[in-house]
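Trainee: Submitted below is the structure of interest, expressed as structure tokens.
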4 protein chains.
Amino acid sequence: MIGYKFMGKAHSHAYRDVPFFFDVPAVPVLQAIAGRDEAGVQAAASRMGWLSHETDWRRLIERKDIDLIDIVTPNYMHAEMAIAALEAGKHVLCEKPLAMSADQAKRMLQAADRSGKVHMVCHNYRYASAIQYAKKLISEGRLGRIYHIRATYLQDWIMDPQFPLVWRLQKEVCGSGTHGDLAAHIIDLARYLVGEVKEVVGTMETFIKERPMADASGGLSATGKTGTVGQVDVDDASVFIARFENGAIGTFEATRFAAGNRNGQRLEINGELGSIRWDLENMNNLGVYLSSDEQGMQGFRTINCTEESHPYAGAYWPAAHITGYEHTFINMISELMKGIAGGYSPAPDFSDGYRNQLVLDAVERSSESKTWVPIQYD
Amino acid sequence: MIGYKFMGKAHSHAYRDVPFFFDVPAVPVLQAIAGRDEAGVQAAASRMGWLSHETDWRRLIERKDIDLIDIVTPNYMHAEMAIAALEAGKHVLCEKPLAMSADQAKRMLQAADRSGKVHMVCHNYRYASAIQYAKKLISEGRLGRIYHIRATYLQDWIMDPQFPLVWRLQKEVCGSGTHGDLAAHIIDLARYLVGEVKEVVGTMETFIKERPMADASGGLSATGKTGTVGQVDVDDASVFIARFENGAIGTFEATRFAAGNRNGQRLEINGELGSIRWDLENMNNLGVYLSSDEQGMQGFRTINCTEESHPYAGAYWPAAHITGYEHTFINMISELMKGIAGGYSPAPDFSDGYRNQLVLDAVERSSESKTWVPIQYD
Amino acid sequence: MIGYKFMGKAHSHAYRDVPFFFDVPAVPVLQAIAGRDEAGVQAAASRMGWLSHETDWRRLIERKDIDLIDIVTPNYMHAEMAIAALEAGKHVLCEKPLAMSADQAKRMLQAADRSGKVHMVCHNYRYASAIQYAKKLISEGRLGRIYHIRATYLQDWIMDPQFPLVWRLQKEVCGSGTHGDLAAHIIDLARYLVGEVKEVVGTMETFIKERPMADASGGLSATGKTGTVGQVDVDDASVFIARFENGAIGTFEATRFAAGNRNGQRLEINGELGSIRWDLENMNNLGVYLSSDEQGMQGFRTINCTEESHPYAGAYWPAAHITGYEHTFINMISELMKGIAGGYSPAPDFSDGYRNQLVLDAVERSSESKTWVPIQYD
Amino acid sequence: MIGYKFMGKAHSHAYRDVPFFFDVPAVPVLQAIAGRDEAGVQAAASRMGWLSHETDWRRLIERKDIDLIDIVTPNYMHAEMAIAALEAGKHVLCEKPLAMSADQAKRMLQAADRSGKVHMVCHNYRYASAIQYAKKLISEGRLGRIYHIRATYLQDWIMDPQFPLVWRLQKEVCGSGTHGDLAAHIIDLARYLVGEVKEVVGTMETFIKERPMADASGGLSATGKTGTVGQVDVDDASVFIARFENGAIGTFEATRFAAGNRNGQRLEINGELGSIRWDLENMNNLGVYLSSDEQGMQGFRTINCTEESHPYAGAYWPAAHITGYEHTFINMISELMKGIAGGYSPAPDFSDGYRNQLVLDAVERSSESKTWVPIQYD
């Protein structure tokens, strides 16, 4: 694994827990973790149970005892690392967004295709049991033709103008701000549950345009300057309308300026036969409405998707003994292990990452051109 | 009052109830109601307590015993009736949307200004206690600078393709479909709570393009044809993004194809110091989040706006003995009575109706041009 | 009508509104209202639309132009007034609790039976559409055998120890405190939805034992003393367990010391085939769970009981245009009018009031004896 | 660890995860697991990461390489195992309820006191972050004097009369049914948050009195008979009222016959200055009401207790990336490790287990005697 901060912790935990809950055909061994700061990576390896560490990620890729490279670094490094790993014959799991641009993502996908190795992009929320169950209902036609999706990902952790210019606010490190970080998630869920996006129109905004520079410990600063003020060159908010190939209309909003919304990833999908609702902050529940319910008895059901009959839920605890954020990773890694053992790339793979990036890029272009922008799949 | 269906009932009830709950300086007397169908209007007058009836609305306007004309007819008649009434020296309350177009609305506003009479447009949801309280909080600066509004008005009553082509689905009668009916409401709340809209981009859609013609009893058919199939020439859904003059960004969605949402008018507003949430289906409650709450104790409060300290609530019942839809009309009419007695037009007046129509028109043009459209106030 | 405060307002409003919404066979005429304070009753009559007033309730009963006597006075007067009215050949609607004791209630019931007139006790919450719909489901066997009911009525308006000793806190005026005021409501709903109570065990408590005397305007003080401290001789809270004749077990809690619960009348009923939930503060909604829903799709539905298919809802507005507290009275009065026209006493009648009082009395005795107390119906 | 089913899994997982999330002074090593069925315990050891296994629990207690014995067996074995382990100089963690009776629990407590070893009883829900935060608020006096607690633990997994007679339905194995399984949890939370119980009155019920015998794989059958019908000799439901030493009144209900409630452990506590609400099915949230909030702004706040400022939450993920059931165990085990390293028994210890059992026993006696039963602490 390359990187060891927030996502490093989430992934490491999932590798440790997956054989406890699932009968996976391949059991992950936490061979080595890489990071630039020797002390930091050593401490992380020790705490999270990695058997060794490296300070140069290229060393990791060269090692023969490693089959899978997991990339949890800031976005600007994804492409170089993933392509190198694939070319070295490693399977790759890469954090989202897959790349800094659709072009970059396409090169990664091409490298993946050439390599014949397993590739996966970490859109973990697909693997919430409630989302998997929603997918099942939609696939079975239980909602019929889809008319609408409305999805938000609302956070509020940078609303204080004195919050520093951490790496997630620096374009050269992360490519975009809220857009690649949060909008990428709801785009993935929309593609998964509704289908491919045909065209978009949107707008992006940076509400706080200057912030104090982060100090050395406050995040990876690309410029290295501290104690001064820096320009915020990424978006604080991204909103767009999408038309899907199947005729559905979507509204999407990602922002870090929605006070009181700590982690407000929410979606509702309306079809001709019913609707579903989901909220990450109460992620075990799925709201389901069926138009076929008898008159008088129609209403959204609150389904706690923790029963044997719900995807992945049987691996954990009895009904309504709820699971949480980290279980999305455990479920996803269980599929990755199956893919590695079976020689296939489980969804969402680099193709999904690329298509997601096409939508992200189209919204950025639309925000500049102030027109609708079609998505050009190829 | 001209017209006597759904809105006629809501208005009539409010006129009857307003002196019971409020010490209004002018007590409405239900002098006369007009409608084209003699039997229908007579029955309505009797049931709703009107002292007389007319079958020609022009007779109503000529009567000397009438001070206020209340227009609750389909949209295409609003302008002619309102202008005639104003020119005859009557005060006017007109249902929303004010007109079929911004041009028409402007002529109505000009007639109102010329007349010197009281004019009001029936955006009743402003007068929900929870919305009034939200307005108070925002006006006092409790949310600080506003960053976002997201608003929906979701219904599902025409999802069945066999639902007939009633007047609300006929462009020559109502001007637009969901757009003027539902989007007009959330535009009004946004203008009231956030401010004026600067520019919009949006799209509109008709999912079911043909429907059976309504029979005579199924609604006012402009064409009069029955038993055959007609084209739906209005929108089933309207979604748009708005930028406000104060820098806020809004997302708006109105649809009649959101299964399970019977009356889903919902909004959330995020400011630098806090947020508010509201849902018409549980309209007594206001969600309020304050960033100034101490660490650990931060979260949305659910405030049941039925206490003495909440606007209009003291007129009704003790705390949490909830009120409903009809009370928005009673509150509004109490203000109209005060305006008539005091010689001023209470908000929302025809200027609000006109500005609302400018936004509606801009979205329609944007849907055609596929570009952002600025709002030109004059 | 005798009395004109909170309940007087609720009843008066219902009489005015009932012909607007319902085709009742008898239309109420608000002939006269009685109260001891001439100025007060005159103002009330004027504001609420009563045609005349009396300062002696016995005059009201003597009047030939009055068919129905509505008693909305403090509890200690109910029996004398109701019996006098019935003996004078008037129909009677009486506020709850019907009496100060089961013995008193029994005498009222006997008088009612002797009179042959229509009698009804105002347990208005039965007439919430959601409760009526719950009753329908239970009657149809949709929940099967009932195992449990848990019901609370939680308020918080007297938690301040400086809140004065108003009439509702004086035993000689109201008989009991929370018990007769709030527990009576949930007992009625339990009897209506589950069945007759067989035995109870419970306890009652007065948390604040002394309070400032109410001044003249602060409520009807039986003692007339002001400016001093008085003993609270009624309960602040009443909790009990009940066993029903059909084997169900109930838990009941009524209190005025539940901070943050303004009007928390809530119940859940569990049967072998499903469950229902209801909360007065969001009274349009009924939660329904059906065990027969398919695996994976099981969960409580939130049904907004405002559709044509829900009892009484069709009289008002389109689906999810919610109604409120006052509509329970309007629905109930519509039944009273039908009863008067048809010559029968609609439920809940004095028999229900008496049986309710038997349960109230049994809980009081249990609180003293610290044992289970059987209910002796006769 | 002795036992390896549901609780064995939950405990094993917590031992594995605790050093990943917490800097514990003692890191658990999963030395050995015991169970009677060799194949079963071997498979469990392998899957859950135990280094060895035993088929005789006494062998486990004799081993020198084991410091802590964790007892997750059916209730009837707790006392013998715990006393033997303590006498062998082992620390002990024991599942709840601590024993089959208060007498037995007292002997366990005495053995624990004699041993000087660390003892803890697994009332894991205390260690939900939201409960810990509620405890903090109450301890700081934020709710003032406590008036009420109402607590339920509602499940529905045995409602089908054909559900077999598993060990949890056999008195000789588990002592009681719902009572010791579910009521024990809400008694613990009540003791933790409100204080000691003074007296109780309650009733218990077995709705389904006969069930098919469980087959060999269906659970530990004490009798070993299969394919026939057996008597259910434990309670299906247990409800009681409690008076606390500090004057608070509690209502408690535990049942396995509440259709639609998969895991409905819920409580509300009302104090003179505010209230709290909690629901296990949405366990990250705490509802908090403060009477000191300004007029108009009063309402329950929904606090997602996943922030740095909330107990234990900082060990996991960013705000509102929710945790679940298993984290209550991880938090609890982190305290157990601190206790072992520091030489003290963290709460809840065997004294808590004993006091809990006193309440359980008193309710059982009350159900038989039909009177209030005082709790005799000694």
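Trainee: If you count only protein heavy atoms and use a 1.4 Å probe, how large is the accessible surface of A:Val229, to the nearest 10 Å²?
Mentor: 90
Trainee: Also, quick follow-up: For the pair B:Thr371 and C:Arg107, what calculated FRET efficiency results from E = 1/(1 + (r/R0)^6), where r is the Cβ-Cβ distance and R0 = 56 Å, to the nearest 0.05?
Mentor: E between C:Arg107 and B:Thr371, to the nearest 0.05, is 0.10.
Trainee: What is the distance in Å between the Cα centroid of the range A:333-365 and that of the range D:235-256?
Mentor: 52
Trainee: Measuring from label point to label point, each 7 Å out along Cα→Cβ, what is the B:Ser309 to B:Thr55 span in nm?
Mentor: 5.7
Trainee: Okay, moving on. Excluding same-chain residues fewer than 8 positions from B:Lys9, which lysines have a Cα within less than 20 Å of its Cα?
Mentor: Excluding near neighbours in sequence, the set is B:Lys96.
Trainee: Next question. Place the label 7 angstrom along Cα→C-beta at C:Glu245 and in each other copy, then list the distances from the first to the rest in nm, shortest first.
Mentor: Relative to the other copies, C:Glu245 has label-point distances of 4.5, 6.7, 7.0 nm.
Trainee: Take the Cα coordinates of the protein assembly as shown, assign each an equal point scatterer, and use the Debye formula without solvent to give log10 I(q)/I(0) at q = 0.03, 0.04, 0.09 Å⁻¹.
Mentor: -0.15, -0.27, -1.37
Trainee: Something else: Summing Lys, Arg as +1 and Asp, Glu as -1, what charge do residues with Cβ under 14 Å from the Cβ of B:Val92 carry, B:Val92 excluded?
Mentor: Net local charge, B:Val92 excluded: -3.
Trainee: Which residue fluctuates most in the GNM of chain B (Cα springs below 10 Å): B:Trp57, B:Trp278, B:Trp157?
Mentor: B:Trp157
Trainee: If the label for A:Gln231 sits 7 angstrom from Cα along the Cα-to-Cβ line, what are its distances to the same label in every other copy, in nm to one decimal, shortest first?
Mentor: 5.1, 8.1, 8.5
Trainee: Still on this structure, please answer the following. Pull up the cross-link candidates among the lysines for D:Lys370, meaning alpha carbon to alpha carbon under 25 Å and not fewer than 8 places away within one chain.
Mentor: In chain and number order, the partners are C:Lys198, C:Lys370, D:Lys171, D:Lys198, D:Lys209.
Trainee: What are the distances, in nm and sorted shortest first, from the label point of B:Thr55 to the label points of the same position in each other copy, with each label point placed 7 Å from Cα along the Cα-to-Cβ direction?
Mentor: 5.4, 9.8, 9.9
Trainee: Buried by at least 40 Å² relative to the chain on its own: which residues of the range C:324-354 qualify, computing accessible area with a 1.4 Å probe on protein heavy atoms?
Mentor: Relative to the lone chain, where solvent access is computed with a 1.4 Å probe, the range C:324-354 loses at least 40 Å² at C:Tyr325, C:Glu326.
Trainee: Of the DSSP beta bridges with both residues in chain B, give the percent that are antiparallel, rounding to the nearest 5.
Mentor: Close to 65 percent.
Trainee: Still on this structure: Calculate for chain D the 222 nm mean residue ellipticity that helices alone would give, adding -39,500 (n - 2.57) per DSSP H run of length 4 or more and normalising by residue count, nearest 500 deg cm²/dmol.
Mentor: Mean residue ellipticity, 222 nm, calculated: -10000 deg cm²/dmol.
Trainee: Round to a whole angstrom and tell me the spacing of the C-alpha centers of the range C:40-106 and the range B:1-32.
Mentor: Centre-to-centre (Cα) distance: 30 Å.
Trainee: Continuing with the same structure: With respect to the symmetry axis carrying chain A onto chain C, which residue of chain A exhibits the smallest Cβ distance to that axis, and what is the value in whole Å?
Mentor: A:Arg301, 2
Trainee: A:Arg145 to C:Thr228: FRET efficiency via 1/(1 + (r/R0)^6), r the Cβ-Cβ distance, R0 60 Å, to the nearest 0.05?
Mentor: 0.25
Trainee: What residue among C:Trp50, C:Trp317, C:Trp167 has the largest mean-square fluctuation in a Gaussian network model of chain C, using Cα springs under 10 Å?
Mentor: Residue with maximal mean-square fluctuation among C:Trp50, C:Trp317, C:Trp167: C:Trp317.
Trainee: I would also like to ask the following. Roll a 1.4 angstrom probe over the protein heavy atoms and tell me the percent of accessible area of chain D that is carbon or sulfur.
Mentor: 48
Trainee: Pick from A:Asp349, A:Asp37, A:Asp188: which residue has the top mean-square fluctuation in a GNM of chain A where Cα pairs under 10 Å get a spring?
Mentor: Highest fluctuation of the listed residues: A:Asp37.
Trainee: A follow-up question, please. Aspartates and glutamates within cross-link reach of C:Lys338: Cα-Cα under 13 Å, excluding same-chain residues under 8 positions apart?
Mentor: Result set, ordered by chain and number: C:Asp23.
Trainee: Right, something else. Per residue, how many Å² of accessible area does the range B:94-198 show with a 1.4 Å probe?
Mentor: Accessible surface, normalised per residue, equals 29 Å².
Trainee: Indicate, rounded to the nearest 5 percent, the antiparallel portion of the DSSP beta bridges found entirely in the protein assembly as shown.
Mentor: Beta bridges within the protein assembly as shown, antiparallel portion: roughly 65 percent.
Trainee: Rounded to the nearest 0.05, what FRET efficiency do B:Glu62 and B:Glu38 give with R0 = 30 Å and r taken as the Cβ-Cβ distance? Could you check?
Mentor: The pair B:Glu62/B:Glu38 has a calculated efficiency of 0.95.
Trainee: Something else: Can you pull the percent of Cα pairs in the range A:6-125 with separation above 24 Å?
Mentor: Percentage above 24 Å: 23.
Trainee: Which loop GluC sites (Glu not before Pro) in the range A:277-309, with loop taken from DSSP, have no more than 13 other Cβ atoms within 10 angstrom of their Cβ?
Mentor: Hits after loop and neighbour filter: A:Glu294, A:Glu308.
Trainee: Peptide A:4-13: average number of partner chain Cβ atoms within 10 Å per residue?
Mentor: 2
Trainee: By the gyration tensor of its Cα atoms, with a ≥ b ≥ c the square roots of the eigenvalues, what is the shape of chain D: rounded for a/c under 1.5, prolate for a/b over b/c, or oblate?
Mentor: Verdict is oblate for chain D.
The values are calculated or read from the model by the stated rules, or taken from the named source; none is laboratory data. For clarity, every value in this text was computed on a predicted model and none was experimentally measured. Counting neighbours? That spans all protein chains shown, and the Cβs are built from the backbone with ideal geometry, glycine included. The accessibility values were calculated without ligands, DNA or RNA, using every heavy atom of the protein model including side chains. Shrake-Rupley method; radii C 1.70, N 1.55, O 1.52, S 1.80 Å.
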